[in-house]
Each structure stands twice: as structure tokens, then as C-alpha cells.
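The structure appears right after this line, and notes come after that.
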Amino acid sequence: MFNPDVLVIGAGVAGMQASLLLAQAGRKVVLIDKGPLIGGQTIKFEEVYPNLECATCMVSPIQQDLLQNNRIEWHLLSRLEKVTGAAGDFTVSVSKKARYVSLENCIGCDACFEPCPVEVNNPFEENLGRKKAISVPCPGALPNVPAIDPNDCLRLNGKKKDCSACKDACMFDAVDFDQSDETMEFKVGSILVAVGYDMLDLKPLTDFGYGTFPGVYSAMEFERLFAANGPTEGELILRDGKIPKSIAVVHCVGRKEVGYCSGLCCMYSTKLSHFLKSKLHDADVREFHTDLCIPGKSHQEFYLETKNKGVQFIRYRSIKVNGRNGGMQIDFEDEAGGKKAFPVDMVILSQAMIPHPDTEKLAESLGIKRDKRGFFATQDLSLSPVETGKDGIYVAGCAGGPKDIPESVAQAEAVVGKILNPLYARIEEQEGDSQ
Amino acid sequence: MSKKIGVYVCECGPNIPDRIDIDRVIEKITGMEDVDVVKRFGLLCSNDGKKFLADEIKKEQLTHIVIAACSPREHEATFMHVLEDNGLNPYLFQMVNIREQLAWMIPDKEEATQKAVKSIRAGIQRVILHDALSKKEIESTPDVLVIGGGISGIEAALSLAGPERKVTIVEKKESLGGFLNASSGLLPHQGTDLTVFEGKKQKVLDHEHIQVLTSSRVTDVRGFLGNFEVTVTKNDGGSIQELHVGAVVIASGFASFDAGQLARFGYGKLENVILAPEFENMCRSGNIQLKNGEPPQSVALIHCVGREEKGYCSKVCCLYSLKFAHLLKERFPAGEVREYYQDLCLPHPADQAYYEKAVEKGVLFIRSDQVELKEDGGKIQILSGHQKQDKASVDMVVLAPALVPSEDTAELADMFNIPLDKHGFFKAAHEMLDPVASPVEGV
């Protein structure tokens, strides 16, 4: 018999929406994510384009639904290790790292953070903020239960074996140093891969001064800088404490290196300028782009609106971030071939989107292919965009290549449609038999 | 019947008593009309808390419950389950948020306490008015109507149809397949060809649970999610069929912007200026030729026709124009192919290599925000550049018109009560998170 249960890998918008729809249809879902929270990349954004809706407000109802849905068994800090079997009868092995905080007992009061003696950079905040060894990634994270990083915690890394500051501060007996990593096994009939994407490492791209000049930010760093729940509570303050007056947003960073257009950067860059102009009305904001790729029925309007706010859009042929009297300037060649310079105190780099770092290993475990650029391959891009070519395993969202939120959700819903109709799989089987 | 309301204040550890004087709150609430019992508890959402509530419901024979605690988003469902499990209607319940909205917001304890009293009083007044709601089951059908037999409608029907769910596709044209029936081929770099499409089409036609009504239109709809009554009428007005379906998929496709509106492109006036769909037909039939029957020596592909007027980028035109360029170079390797574009929109990672291959084959890419076409002694002159200063002459021009809503959109929207966006496309229930549902349930 075809096992109706489903494994969903990745708790971003695609994975969450698929899980909820499956549960609504009466299916049991096992949802895993490698992080300590659900919500994916979307919850890092203050607002999403083009309607500038608050991203966390938009996602939090579905996060809540998901956490309370008794048909969805979710496991965080968890990764897929091994898959055996075939469509309808997969056995999956999942490794789960200890959280060291009980999800049942913790009420999310945060009383444990303050006494913790260890403070480290917070990767969720793109290292612009600090966190304790016991922490939630950001205010409002769901589930609202902290996790202890065993590498940072003095008790768990052995540097101070008797430290129990967080445990002592907890009034609900939620801190549990005795938790250990575990391996779990599940039987499922179908698998959805929705692990999302990563951003290209900017350090090797020396022309852009990332890591050299403190005023250079990645797009994701800027998102956190702008976020009300971010490290500066939404205040646009540079690393040197100053408020920027002259800002360049550079598109297509790494496009040449990866060999493709990511399709989303033009729009999110425009959004960043929109943000900048909304908080710093008088700032000189310039977008340096190549081809403007703004597909979608509402996007051009948003671009024009941003332009009307006084943001200049400049098409460049070549571009470089250079030092200038202790500050920076953008040296660029414009469309007509003229060499120009623009002094700036902040540069935001919109870099290429690349495959999630787990893609290679996951593809191997699942026995599915990757495309030339490293994303999960689908059977084809036109008529079978969510089928992996292996029966019972599907891909949705950015795991298969850059996509915006609506496209990711639409793909997740398409996968659910295929999983819910057992006939669909059987049709494919018949086709396979006849070949 | 007399009401016996139980009011319970959750401490949530130190979260609430640190900021609100719970004993004062209890004192103020006690004695209110219909209020039978007012108590505090350490952590109501815990297993001990739930057991305490269950015991209270039984012991005090309560009829209504008010809980002052965290946000209902956190634990409304938790407490409603407790009521249900202990014989109370779960809707005779009101949660009052004194944590997120009071304890965590108001630094002054006196003020927070007073506000807590007011909020709980309001909760009590409200719960008195609650009705004991019950969930009803009504007859409904799982069958689905799909409007439009293009690739979207076909894929939807195949995903949905089965022994327990019959699907009816209503297609206004004589045959199933929609736009792809006229296509010269899919984008080869996307890894598939039209045989897959033909296979899906055949599967629909052979499917025992899919009914295909061609040359037909939906002319009336009544009802709601689970029970839509739909009238389908043959185009000749002849036969009428009534369908009973639970949900409707609208996949009515698109239309092309009327390029004739824009004099600068000379469509309809200049010979050998044609639209992309006409060129698709030429490619499909294999006769890529000028009006005089000669093969073209030079062809220009003009992107973004109507983009400015419509106010959006249609996303697919750059790619299919690239497809045309490849086809032309294969067919006429010595011929000249020019692409006039504003911005190249190649949003999928696989697209860039396809573009680079076209460049390798010698396709000329010319960026121009202005393009004007003129008669030039049997040829077509193209003026381009900011001041239209650049000139070139070609035998044939293929215009890539913007995609606009299909002509049936407004009528269907009206029939189904679906709002349209400013461009005339159907609006989604939620642009981001529910992009394929309309605001009308079940459609």
C-alpha cells in the first residue's frame, strides 16, 4: 500500500504551506528543518515587495497554525541523513541535534538570556548583532523557545563544567543539559524538498570591497539592519556609528561568476532603495544595475514609484568599489562608456542566489539529480517543474532555483496536488512501463 | 438558564504577577453578575493547569469560561479543547490577553492592574453573549470544474481527477490544448518538447474521470464552495449542460496586446511586420517567408511592444524572442537576426546560457528604449537609440506584444464575483501566500 505520510524538508514558506495543506487534507506530515526556528528566509525581511507587507506579520499566522497542528510532527535542528525504499514506501533517517531546552516546559519568557556569561555573534543577524549561548535567533522567533549552542555554552563545551546560570534563572525547569543528539526513523510515501537557497559569498569578489571597507553591506545584512526586530531595531546606522548620506545599491554582484541572472535581485534591490528613502529622505540613493529584470504585473509600478522618490537608476558596464580619503567611492563605466565616480558612505551589494549548501549531500541521500548550477534538477522546467525524475520525490521553491514567495508557494501547492492524488503517480508509472 | 461563569487568571510564571496585581484583579471581578468563581493559577497551559481547569468545570458545574492569560494565538485552541473534552461547548469561552497586551506593555503596575480588570470585565460581558456554536455537515461534492483547456487546465485536471473526483474541463475552442496547440516548440534549454504536452493532452482525453466539453462556455454559476451549480452552453447555443461541482479552477489564459494601437510599430500597415503568435505559426508549418513567398534575409525581433502602455514586463517575451532567434539562425545560418530589447529579462538560471548561445550564433542584440518602424522601399527601416538616431533595414519584423488578460476575464470575474487588479487580471486571495486562490472560496 502507498504510505500516505509525507516528509517535508525545510520549514520556509514553501515547506510550511505544503505541510499545512497536506495536514488539512488529513495527511500526516513530518517536517524537518536544520535551524532552531521555522519560517525560512522570509522572516528575516521587514517587508516584502511589491506591496511592502510586513513579512513576519504575514508569516506568523501560518507559523502558529503549523506549530499547533496535530497532524504535523515537526523536528528542528534536524537533518535528513539517509533514505531507503521507493515511492510509497520510503524509510528516512533523520539526525536531530539536542536543543537543551524543553519545548514543553519553556514559556518563552527570555529570563535565561541575561545571566548567560557567553556572548557571540548572531548569524541570524548576519553577525551584525550579538547573542547569548542560550538564545532565540531574533525577537518573535517561533517556536518561542531558545536553544543552547553546545559550541558556545561553557558547560557544554567543557570550559566551565559547573555553569548553570540559565538553568538557575529558569522558573519552569525548561533547561535540560542532559538532552542528547538523536537519530529518528520515519516511514513516508512521498518527500518534498524545500530547503531554499543561499547567497553567494562576497569575500572572493575583491572588486566590491566587501570585508575591506566597513561601509559595504550584503543585501541580507541590510535587511537585518532595516528590520525592526534586528540588531539596531531598524535604525540605519553604519558600522562606524554614522548615518549614511550617500548610498549605492549594486546589482548583479557575482552574476558573471555564477553564470546566471537570479531573477529577483532587481526587485529586492529596488525594495532596499525604497526602504532607504522612507527612513532617510535626504539621502542620495543610487541603484547601479545592468539589465533591469522586473517581471511580474505589479513590479514595474513599484520600480517607477521608487524612482519617483528620488532614487537614481544608473546602468553600468563595469563597476568597482575603491577607497577615497578614508571613505569609499564607486568607480563605474556608464552605458555610453563614460568613466565616472560617485563618493559613497554605504554600499549594498545584491549578490547572486546560489544553491543551499546541503544540496549536494541531500541530492545524494535522496538519489536525485542536480542541474549544472548545482540546484536540484527537475524533470524539465516547462512541463514538469516540481518532479525530480524520481517517483515520490518533489522539489518546490528556491531549492530548484531562485523564486519569489508567490512562485515558491504555488510550487508547494502543485506538489501537494500531486501527492494527494494517488492516480497521478500511477499515471506516471504506466507511462514508465510502456517506455 | 442561569449562567455560571468561571474566570481564571494565569500567572504565566512571573510574567503576569510581576506587572499586574492578580489578587486585586480577583477581588474586583469577584461578585460580578453570573460570575461563579474567580481564581489564579501558575501556568494554565501546562498539563497541571489543564487538569485544574477540567476539575473546576466539573466541580463548579460551570457553563462559561473566561481565561485571562497570553495572546489567544498562543493558547486559545488549547483551552477550547479542554472545554470540549469536559462537556462544554468550546465557543462558550473567551480569552483575555493580559500578557502581550498588558503585562508586557505597561510598565506601571497600578495602571496595568486597572486595565486588566477592565479587560476581564469586558471578556465576561462578551462571553455572556456567546452562542453555543456547533459544527454542521452539509452535503457537498468533490467534483471540480476547470475553465480553460490549456496546459494549466490540463495539468490541474490530471492532478485532481480520480475515482472519487470527477473533473470537467470547459474549453471554448474546438479542441483541447490552448495556446500550446499553436506553438512551434517549447524552449529547448528547458529540457522537454511538445511530445510531453501531447502526451498529457491525450491522457486527459483518455481519462475515465475527466469530461472535456469543447466549443463550450460557462454561462452561469450559482452556489458556494462545495456546491456550485454551473451552466455550460455550447458555442452555437444548442445544448446546455448543468454541472454540480465543489470547486472551480479558472485557467482561462491570456491574450496579446493589440499592437495595431501603436502607430510606431506599423502593424497592419507595413507588410512583413507580424506578431509573435503569427511567427509561431510560420515556424510550426515550416514556412518562414515574406508576403511575396521569399525567405527573409534579415529579421528583427522587437521586444516590449506595449510594455510602456500596459505598465508591466510580461516576463516571457525575452525568452520566446530568443527562441525565435535560435530558430532563424538554424534555418538561415547566413541571415541576419537582430533583437531590439529594453532590458533582458532572463530570470531562470538556465536562461543565460541560452542567451549566450544566441550571441555565439551571431544574433545581434541592440538595447533601445525607442523603436520606430518605417517603410523603406519594400524593406522595413528600424529607428532606434535614445534619439532614434540609429538606422537599420530588414525584410521582416516580429513584434513581441505584452501579455494581457484573456477576453473572457471580465465576464468570468463578474460571474464568479472575483475582483480584478488594475491590469484586468484576476486578483489572488493573498498575493504572496495564496497566489492561486481567488478571494472567493472554492474558486
Among B:Pro439, B:Ala428, B:Pro405 the positive-end extreme of the charge dipole of the stretch B:368-443 (Cβ point charges): B:Pro405
Under a point spin-label approximation (7 Å from Cα along Cα-to-Cβ), what is the B:Lys118-B:Lys135 distance to one decimal in nm? 3.7
Select from the stretch A:277-319 all residues whose loss of accessible area on going from the chain by itself to the full protein assembly reaches 20 Å² or more (probe 1.4 Å). A:Asp291, A:Leu292, A:Cys293, A:Ile294, A:Pro295, A:Gly296, A:Lys297, A:Gln300, A:Glu301, A:Arg315
Mind giving me the FRET efficiency for A:Asn325 and A:Lys256? R0 is 22 Å, r the Cβ-Cβ distance, nearest 0.05 is fine. 0.15
Using a 1.4 Å probe and counting only protein heavy atoms, how much accessible surface gets buried when B and A come together, both sides summed, in Å² to the nearest 100? 4800
Using R₀ = 60 Å, calculate the FRET efficiency as 1/(1 + (r/R₀)^6) where r is the Cβ-Cβ separation of B:Asn287 and B:His244; round to 0.05. 0.80
For B:Glu375, distant residues with modelled amide H under 5 Å away: B:Gln381
Delta accessible area of at least 40 Å² on complex formation, residues of the stretch B:342-387, 1.4 Å probe, chain isolated as reference: B:Asp343, B:Leu344, B:Pro347, B:His348, B:Pro349, B:Gln352, B:Arg367
Out of B:Val249, B:Val232, B:Cys45, whose Cα points farthest toward the positive end of the dipole of chain B (charges: +1 Lys, Arg; -1 Asp, Glu; placed on Cβ)? B:Cys45
Assigned charges on the beta-carbon of Lys, Arg, Asp, Glu; the stretch B:301-341 dipole about Cα centre (debye): 120
Taking a temperature of 25 °C and a viscosity of 0.890 mPa s, what whole-number D in µm²/s does Stokes-Einstein yield for the stretch A:137-180 with Rh from Kirkwood over alpha carbon pairs? 211
Residue with peak Gaussian network fluctuation, chain A [Cα springs, cutoff 10 Å], from A:Glu223, A:Glu387, A:Glu335: A:Glu335
Run a plain Debye calculation on the stretch B:358-435 (Cα atoms as equal point scatterers, no solvent) and give log10 I(q)/I(0) at q = 0.11, 0.13, 0.26 Å⁻¹, rounded to two decimals, same order as the q list. -0.58, -0.69, -1.28
Can you compute the FRET efficiency between B:Lys39 and A:Glu185 using 1/(1 + (r/R0)^6), with r the Cβ-Cβ distance and R0 = 45 Å? Round to the nearest 0.05. 0.50
Given 0.36 nm per residue, what is the gain on full extension from B:Glu411 to B:Glu100 after removing their alpha carbon distance, in nm? 107.3 nm
For the stretch A:358-396, state which residues have at least 40 Å² less accessible area in the presence of all protein chains than in their chain by itself, taking the probe as 1.4 Å and leaving out ligands, DNA and RNA. A:Arg373, A:Asp380, A:Leu381, A:Ser382, A:Leu383
Note down the nm distance, to one decimal, between modelled labels 7 Å out along Cα→Cβ at A:Leu238 and at A:Gln312. 1.8
Evaluated at 4 °C with a viscosity of 1.567 mPa s, what Stokes-Einstein diffusion coefficient in µm²/s does the protein assembly as shown have when Rh comes from the Kirkwood expression over alpha-carbon pairs? 42
What whole-number distance in Å separates the alpha-carbon centres of the stretch A:19-67 and the stretch B:56-135? 27
With the dipole of chain A defined by +1 on each Lys or Arg Cβ and -1 on each Asp or Glu Cβ, the option from A:Asn157, A:Cys170, A:Pro231 whose Cα lies farthest towards the positive pole is A:Pro231
Provide, for q = 0.18 Å⁻¹, the log10 of I(q)/I(0) from a solvent-free Debye sum over equal Cα point scatterers in the stretch B:1-150. -1.00
Roll a 1.4 Å probe over the protein chains and send me the accessible area per residue for the protein assembly as shown in Å². 44
The number of Lys pairs in the stretch A:250-394 whose alpha carbons lie under 21 Å apart, excluding pairs fewer than 8 residues apart on one chain, is 21
What number does chain A give for Rg over Rh if you use C-alpha atoms and the Kirkwood radius? 0.99
What distance in nm separates the simple spin-label points at B:Gln387 and A:Lys161, each placed 7 Å from Cα in the Cβ direction? 8.3
State to the nearest 20 debye the size of the charge dipole of the protein assembly as shown about its Cα centre, where the only charges are +1 on K and R beta carbons and -1 on D and E beta carbons. 1320
Mind checking the full-extension length gain between B:Glu330 and B:Phe224? Use 0.36 nm per residue of separation minus the Cα-Cα distance, one decimal, nm. 32.9 nm
Taking the Cα centre of chain B as origin, work out the dipole magnitude from +1 charges on Lys and Arg Cβ and -1 charges on Asp and Glu Cβ, in debye rounded to 20. 380
If you bin the C-alpha pair distances of chain B every 10 Å from 0, what whole percents do you get? 4, 16, 18, 14, 13, 12, 11, 8, 4, 1
Pick out, in residue order, every one of the trypsin sites (Lys or Arg not before Pro) in the stretch A:129-165 that is DSSP loop and has at most 14 other C-beta atoms within 10 Å; say none if there are none. A:Lys159, A:Lys160, A:Lys161
So, with a 1.4 angstrom probe, what is the percent of accessible area on the protein assembly as shown that is carbon and sulfur? 48
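The values are calculated or read from the model by the stated rules, or taken from the named source; none is laboratory data. What you see is a predicted model, and the numbers here were worked out from it, not measured in a lab. Because the Cβ atoms are built from the backbone with ideal geometry, glycine has one as well, and the counts that use them run over all protein chains shown. The protein model used for the area step is the full one, side chains on, heavy atoms only, and it has no ligands, DNA or RNA in it. Shrake-Rupley method; radii C 1.70, N 1.55, O 1.52, S 1.80 Å.
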